[in-house]
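The structure appears right after this line, and notes come after that.
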Amino acid sequence: MTDPIAAQKKLIVDDAIIPSNPVFDYSVTKTMSSDLTIDEVMDGIAHTLEVFYGISNENYHLASVIAETAI
């Protein structure tokens, strides 16, 4: 969801959709194909760049550090 006036993406956070005790099963991702893994890596980079390119000048340095770390 994007606020067109503020030109900012909004994070939807609701206790009804956030698990209280999330579990990550590494065996599931470990067995995925290389093609799927590469696709998900590219998706993560795209989301990182999306935030980085839309950041305000006052937050540019922080965003650049976070984006560089993520990428």
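Scanning the stretch 6-33 for residues that are among the acidic types (D, E) and more than 19 Å from the chain's Cα centre (by Cα) returns D15, D25. Checked against (1) surrounded by 10 or more Cβ atoms within 10 Å (Cβ to Cβ); (2) modelled with pLDDT under 80, D14 passes all but a single condition, namely (1). A count restricted to the stretch 17-45 and to residues that are under 24 Å from T69 (Cα atoms), of a type in the set (G, A, S) and loosely packed, with under 10 Cβ neighbours inside 10 Å stands at 1.
With respect to being out of contact with any strand residue (DSSP E or B) (no Cβ under 9 Å at 6 or more places or on another chain), part of a loop (DSSP other than H, G, I, E, B) and surrounded by 10 or more Cβ atoms within 10 Å (Cβ to Cβ), I55 fits the description.
The values are calculated or read from the model by the stated rules, or taken from the named source; none is laboratory data. As the structure is a prediction and not an experimental result, all values here were calculated from the model. Note: ideal-geometry Cβ built from the backbone for every residue, glycine included; neighbour counts use all protein chains shown.
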